[in-house]
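The values are calculated or read from the model by the stated rules, or taken from the named source; none is laboratory data. Note that this is a predicted model, so its numbers are computed, not measured. Cβ placement follows ideal geometry from the backbone for every residue including glycine, while neighbour counts extend to all protein chains displayed. Quick note on the areas: whole protein, heavy atoms, side chains included, nothing else; ligands and nucleic acids left out. Shrake-Rupley method; radii C 1.70, N 1.55, O 1.52, S 1.80 Å.
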Amino acid sequence: MKSFLIYPLLLLFGSLCSSSMKENNSGMKQEEDKFKYQTEQFADLAILRYKVPGFDELTLKQKELVYFLYEAALSGRDIFYDQNFKFNLEIRKTLEAVASSYGGNRKSEDFKKFMIYAKRVWFSNGIHHHYSNKKFQPDFSEEYFAELVKGSDQKMMPLEQGESTDSFLKRISSIIFDPDIAPMKVNLNPKEDLVKSSAVNFYEGVSQKEVEDYYNKMQDKNDPRPVWYGLNSKVVKENGNVKEKVWKLGGMYSPAIEKIVGWLEKAVTVAENHPQKKILQKLIEYYRTGSLKAWDDYNTMWIQDTSSRVDVVNGFIEVYNDPLGYKGSFESIVSIKDLEATKTIDAISRQAQWFEDNSPIDDKFRKKNVVGISAKVITVVVESGNASPSTPVGINLPNSTWIRKEYGSKSVSLGNINESYNKAASEELLQEFSYSDEEFRLSKEYGTITDNLHTDLHEVIGHASGQINPGVGTPKQTLKNYASAIEEARADLVALYYLPDKKLIDIGVMPNDEAFKAEYYKYISNGMLQQLARLKEGENIEEAHMRNRQMIAEWCYEKGNSGDGAAVIELKKKDMKTYVIINDYQKLRSLFGQLLKEIQRITSEGDYESAKAIIEKYGVIVDKDLQKEVIERYKKLNIAPYKGFINPVLKPVYDGDKIIDIKIEYPEDFTEQMLYYAKNYSFLPNRN
Ligand SMILES: [Zn+2]
């Protein structure tokens, strides 16, 4: 199983906070909110902020814990840049030198274009688009870039020893400007060598086959509790031998890891309880030794800690950025539990066995005993690495298949991030893609609550359900480059299938029997139309979540149109604009059920050919005319398809050496935050 992130559909289809249920759950009235949620917009990106309600209610000891974990999170930030591409840190440092010291005209159009490029690099943690994985091009010339570099503080430029500015420029410019150098961060085209054609810094001097052979030899297929081989290392060839450079204290990335460990050690001293102390100590052991067994032990302990108020994800976690799915990208999320909002997700997770028993999948793929799905809503305090500035709205960890089977998993919904998306969402967009007043009304009334429920069901029930046939191997091994899209489809389909179920009304999490329509409409509209706005004209879909959404929508569209009777889903034109219409919501539900059954079979049997066939047929190819239309409609609305966040800043207040309080501030300027991080958290050399 590759990974368990949910990315917000909300990016594209904002829903509004007007549901009474949400008020009941949070116990809060919708007051007028003066907080500035969106601060700026450039390229295809918007920058948002989020609040941290509840921080001030923490005890001093809890605040200290949060603060130490916050520092540990930011200390690893450089690692993710380097993992994404081996020249990212050098380029970033060059851009930062210009942004903070260029002495020429800073008001010109060209300089504005330069700043947009710099902001895009910060947003994507490198020179490849965070979502499409393609290298993006600056809007200014190479000559202008040379002028900027020469007109800035030379001491800040990351020159190699003895290198002249001219030869530095020649080297770095070709990496930035030449479209043929490192065009894709992650290439998933099965016709090519995925390792050699991907720019990520996980492999060097080796072919896909060499990497696969290397790990196949290491893996024992009969081991019921295998570690995640390759998770924390780079694979290189030295003197003809393939070997790993491990990311640990004293290994690769050591300068940043030393800082992380230093802050984690402080965190241990203020842990909330004994188990949490042990967990943090295990994480330190893992960073010290690089032992993947220690990592598994850490995760099994971490899952079982459900009582601590403060929690952290810190490590090499998500494997999306490795075309082969071995290597974890650094990420950290520090959070406090939202006690009120956790009640809904709790109600769902308590019914996990019921959902499993009633799922429309084949009996032989059903889990007889669903174990330990713990779910909570968290309030994020800081994010770093792969989770920042662009962030998931839900996470379900750990990724290890055997740990999930034996110990379950922890499912987390990022409450205040979701809230911020909702607040910043545009009513105009909702209107633009609603066929009639009825769809608009449903979305407005129920969009937020059903969207949250979709996330909860996807994470808590979806990823945790079903089982793989004995001896088949993990989806990563069997479904390869289609594993992520299939896994996300499976979790989405479980959520979609259950949204109209009376069970949700019975357990008090769904207000009535029409609310689910808001999510159905949004899902199909997004899968067939709206998400096309994320692509450049003429591009097909590469990203796993997008492939999964289009696959589900297009499959249901096709299957619902065959045979007699009215089509389940229609595409209709009105005033030259295309809209989705859902004619029969109950039939759509049964289509979701049929597809879920097939996707579960593919997963359980490890049926690569079927996975490939269904994703390639429905999930990849884009209708170019429709795409053009959607891109134009978005352009008119001037809404950025991707959003990312400025983090709050934590500041300790001292009395002598003693911390007496931690203050939280909410900065408003993205560039300032990026330069502040550069100044305070640049721990790695230019190349690693
Ligand atoms: Zn997921």
Only one of these is buried (at least 20 other Cβ atoms within 10 Å of the Cβ), more than 16 Å from the ligand (Cβ to nearest atom), small (Gly, Ala, Ser) and closer than 22 Å to Arg350 by Cβ: Ala464, Ala533, Ala515, Ala495. Name it.
-> Ala515
Failed item in (1) more than 22 Å from the chain's Cα centre (by Cα); (2) within 13 Å of the ligand (Cβ to nearest atom); (3) polar (S, T, N, Q), with Ser436 passing the rest | (2)
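Take the residues in the stretch 536-547 that are part of a helix (DSSP H, G or I) and either of a type in the set (Ser, Thr, Tyr) or touching a Leu at 6+ places or on another chain (Cβ under 9 Å) (or both), then tell me which one is nearest to the ligand (Cβ to nearest atom).
Within the stretch 536-547, the first condition is being part of a helix (DSSP H, G or I), and the residues that meet it are 544-547.
Still in the running and either of a type in the set (Ser, Thr, Tyr) or touching a Leu at 6+ places or on another chain (Cβ under 9 Å) (or both): 544-546.
On the way: Ala544: 9, His545: 8, Met546: 13 Å.
Checked the stretch 536-547; the qualifying residue nearest to the ligand (Cβ to nearest atom) is His545.
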Being without any contact (Cβ under 8 Å) to a residue 40 or more places away in the chain and either touching a strand residue (DSSP E or B) at 6+ places or on another chain (Cβ under 6 Å) or under 23 Å from Leu283 (Cα atoms) (or both) is the filter here, so list the residues in the stretch 316-365 that pass it.
-> Thr342
Taking the stretch 559-588, which residues are surrounded by 19 or more Cβ atoms within 10 Å (Cβ to Cβ) and in a helix (DSSP H, G or I)?
-> Leu588
Residue count, the stretch 370-394, condition at pLDDT below 95, open to solvent by 10 Å² or more (accessible area, probe 1.4 Å) and touching a Phe, Trp or Tyr at 6+ places or on another chain (Cβ under 9 Å), comes to 3
Scan (1) more than 16 Å from the ligand (Cβ to nearest atom); (2) part of a helix (DSSP H, G or I) for the single condition Thr455 breaks and write down its number.
-> (1)
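For the condition within 26 Å of the chain's Cα centre (by Cα), away from the ligand (no atom under 16 Å from the Cβ) and touching a residue at least 60 places away in the same chain (Cβ under 8 Å), what is the one hit in Tyr642, Tyr585, Tyr579?
Testing whether each residue is within 26 Å of the chain's Cα centre (by Cα), away from the ligand (no atom under 16 Å from the Cβ) and touching a residue at least 60 places away in the same chain (Cβ under 8 Å) leaves just Tyr642.
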How many of the residues in the stretch 294-344 are open to solvent by 10 Å² or more (accessible area, probe 1.4 Å), part of a loop (DSSP other than H, G, I, E, B) and not polar (S, T, N, Q)?
-> 9
Counting only residues that are over 27 Å from the mean Cα position of the chain (by Cα) and open to solvent by less than 50 Å² (accessible area, probe 1.4 Å), the stretch 215-235 contains a total of 1
Residue by residue through the stretch 156-174, note down the ones that are of a type in the set (Val, Ile, Thr) and either open to solvent by less than 10 Å² (accessible area, probe 1.4 Å) or touching a Ser or Thr at 6+ places or on another chain (Cβ under 6 Å) (or both).
-> Ile172
Some residue of the stretch 500-508 being open to solvent by 10 Å² or more (accessible area, probe 1.4 Å), within 16 Å of the ligand (Cβ to nearest atom), modelled with pLDDT of 95 or more and over 22 Å from the mean Cα position of the chain (by Cα) = no
Residue count, the stretch 207-257, condition at pLDDT below 95 and aliphatic (A, V, I, L, M), comes to 1
For the stretch 592-603, does any single residue satisfy the condition of being without any contact (Cβ under 8 Å) to a residue 12 or more places away in the chain and either surrounded by fewer than 17 Cβ atoms within 10 Å (Cβ to Cβ) or closer than 22 Å to Tyr497 by Cα (or both)?
-> no
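Answer with yes or no whether Val472 is of a type outside the set (Ser, Thr, Tyr), within 16 Å of the ligand (Cβ to nearest atom) and farther than 26 Å from Glu554 by Cβ. Can you show your working first?
Details: of a type outside the set (Ser, Thr, Tyr): yes; within 16 Å of the ligand (Cβ to nearest atom): no; farther than 26 Å from Glu554 by Cβ: yes.
No; evaluated as a whole, the condition is false for this residue.
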Among (1) in contact with a Phe, Trp or Tyr (Cβ under 7 Å, 6 or more places away or on another chain); (2) within 16 Å of the ligand (Cβ to nearest atom), the one test that Ile552 misses | (1)
